[in-house]
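Okay, structure first, notes after.
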Amino acid sequence: MKVGVPKEIKTHEYRVGLTPGAVREYVAAGHSVLVETNAGAGIGAADDNYRKAGATILSSAREVFTSSEMIVKVKEPQPSEWTWLRENQILFTYLHLAPDPEQAKGLLKSGCTAIAYETVTDAQGGLPLLAPMSEVAGRLAIEAAGAALRRSAGGRGLLIGGVPGVQPARIVVIGGGVVGTHAARMAAGLGAEVTILDRSIPRLRELDELFEGRVRTRFSTIDAVEEEVFAADVVIGAVLVPGASAPKLVTRGMLGSMRKGSVVVDVAIDQGGCFETSRPTTHAEPTYEVDGVIHYCVANMPGAVPLTSSQALNNATLPFGLALANKGFGAVLVNPHLRAGLNVYRGRLTYKAVAESLGLPFSPIEQAAA
């Protein structure tokens with residue numbers, strides 16, 4: 001199969017769909033890899049590194065899209081890229097379609113087969129291609145919060161870990177999944193006072209054992225969310241409903257009772273965000289203020305550390321990408337985990353939560369492929 005790797009064009013997105021090491025694996029399996037020139041510049045991988053791995057370098061994204069049977073990316077295709085996708089072409093990348101009706105329309109119109117990293121599953125029911133970026137984003141969330149808390153950034157002027165004799169920041173993490181766990185680990189490691197809210201008692205038990213008392217756990221109710229958010233210096237939004245829009249757990253009305261100069265970091269922004277006042281921002285302009293509360297809502301947080309992120313992502317995506325390259329769409333039919341990743345197939349939405357979020361018809365794969 002001809003596998004294409006275009007350069008990412010989202011603002012300050014430096015990751016790359018395939019590292020030179022991953023390209024070598026595809027080539028060893030008998031596939032051709034077409035890489036846009038400078039696609040790996042953000043991770044320090046020159047065109048020559050890709051040539052040595054066996055790739056062919058092409059001069060433009062258009063050439064990559066038109067010459068490839070499968071496109072491997074990191075972020076969702078941008079409007080300029082939708083028009084290059086075509087029927088019988090596979091797109092393998094993060095999509096996050098639920099809050100993005102325009103992208104959904106573009107993919108449906110193209111007729112392509114779009115498989116979303118964020119809904120591919122594993123045998124344990126986890127999301128193996130989302131997990132590595134969730135780990136990165138969870139850890140980065142605390143770094144971002146620390147920067148936003150500085151007085152020069154509009155924050156309270158508070159050091160996350162405090163110093164001897166001075167109280168540290170109070171950090172509330174809404175959601176005890178991968179993002180929330182890694183955010184809590186970073187925050188607790190810095191010495192913050194940390195509380196995790198979640199609606200799963202078994203998960204709260206696991207977190208309680210994991211952190212051995214260094215992090216408080218609390219069952220998430222409306223009352224609990226309000227009490228914790230009102231007392232917090234930092235709130236991390238880490239709620240995930242696979243494929244669907246994130247629930248709005250912190251309303252505009254609640255901001256008025258939060259501490260002035262406090263910070264919210266919405267890691268769920270790719271799925272629409274879990275704060276009512278969230279809107280996507282970029283690494284170029286990461287924050288804004290609403291009612292005295294600083295909002296950090298960068299939609300591609302792991303893009304800030306592309307070397308770490310690209311390697312972690314490629315480690316996870318490689319076996320699935322090779323399966324698609326080896327068997328084409330047939331891999332989706334025989335592999336239930338790839339089938340869970342199928343969001344769009346020949347003009348139809350094949351992931352129920354996405355279809356429901358967008359208010360569009362849902363077509364089970366058995367019906368769409370009939």
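Consider residue 130 carefully, then state whether it is buried (at least 19 other Cβ atoms within 10 Å of the Cβ) and either out of contact with any helix residue (DSSP H, G or I) (no Cβ under 9 Å at 6 or more places or on another chain) or at pLDDT below 95 (or both).
So residue 130 fits the description; yes.
On the given criteria, is residue 273 in a loop (DSSP other than H, G, I, E, B) and under 26 Å from residue 12 (Cα atoms)?
Yes, satisfied.
Assuming residue 138 fulfils every condition listed in (1) touching a Ser or Thr at 6+ places or on another chain (Cβ under 8 Å); (2) at pLDDT below 95; (3) farther than 28 Å from residue 34 by Cα apart from one, which condition is it?
Of everything listed in (1) touching a Ser or Thr at 6+ places or on another chain (Cβ under 8 Å); (2) at pLDDT below 95; (3) farther than 28 Å from residue 34 by Cα, residue 138 misses just condition (2).
Let's see how each residue does on (1) surrounded by 18 or more Cβ atoms within 10 Å (Cβ to Cβ); (2) touching a residue at least 60 places away in the same chain (Cβ under 8 Å); (3) closer than 20 Å to residue 301 by Cβ; (4) assigned by TED's automatic domain parsing to the domain that holds residue 107:
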{"position": "16", "(1), (2), (3), (4)": "yes, yes, yes, yes"}
{"position": "36", "(1), (2), (3), (4)": "yes, no, no, yes"}
{"position": "42", "(1), (2), (3), (4)": "yes, yes, yes, yes"}
{"position": "64", "(1), (2), (3), (4)": "yes, yes, no, yes"}
{"position": "84", "(1), (2), (3), (4)": "yes, no, no, yes"}
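Report whether or not residue 92 is closer than 24 Å to residue 356 by Cβ and in contact with a helix residue (DSSP H, G or I) (Cβ under 8 Å, 6 or more places away or on another chain).
When the stated conditions are applied, residue 92 passes them.
Checking the conditions here, which among 115, 90, 71 is in contact with a Ser or Thr (Cβ under 7 Å, 6 or more places away or on another chain) and not assigned by TED's automatic domain parsing to the domain that holds residue 179?
Residue meeting the stated conditions: 90.
Tell me which of these residue 243 doesn't satisfy, since it passes every other one: (1) more than 30 Å from residue 12 (Cα to Cα); (2) in contact (Cβ under 8 Å) with a residue 40 or more places away in the chain.
Failing condition for residue 243: (1).
With a cut-off of at least 2 residues that are of a type outside the set (Asp, Glu) and under 19 Å from residue 135 (Cβ atoms), name the helices (runs of 4 or more DSSP H) lying wholly within segment 188-270.
Qualifying helices (runs of 4 or more DSSP H): 201-211.
If we scan segment 118-135, do we find a residue that is closer than 23 Å to residue 298 by Cβ, touching a Ser or Thr at 6+ places or on another chain (Cβ under 7 Å), of a type in the set (Ser, Thr, Tyr) and not assigned by TED's automatic domain parsing to the domain that holds residue 190?
no
Just for segment 154-169: of the residues that are free of Cβ contacts under 8 Å to residues at least 60 places away in the same chain and not in a strand (DSSP E or B), which one is nearest to residue 295 (Cα to Cα)?
Here the residue is 159.
Here are some conditions: (1) among the small types (Gly, Ala, Ser); (2) outside the structural domain of residue 123 (by TED's automatic domain parsing); (3) in contact with a helix residue (DSSP H, G or I) (Cβ under 8 Å, 6 or more places away or on another chain). Residue 340 meets all but one. Which one does it not meet?
Residue 340 satisfies every listed condition except (2).
Report, ordered by the first and then the second residue, all pairs with beta carbons closer than 6 Å, sequence separation of six or more or different chains, a first member in segment 170-190 that is on the phi > 0 side of the Ramachandran plot, and a second member that is crowded, with 23+ Cβ neighbours inside 10 Å and not in a helix (DSSP H, G or I).
What qualifies is 175/238; 175/239.
Check 298, 239 and return the single one that is within 19 Å of the chain's Cα centre (by Cα), of a type outside the set (D, E, K, R) and modelled with pLDDT of 95 or more.
298
The values are calculated or read from the model by the stated rules, or taken from the named source; none is laboratory data. Bear in mind that the values here come from a model prediction, so they are computed numbers and not experimental data. For neighbour counting, all protein chains shown are included, and Cβ atoms are generated from backbone atoms with ideal geometry for every residue, glycine included.
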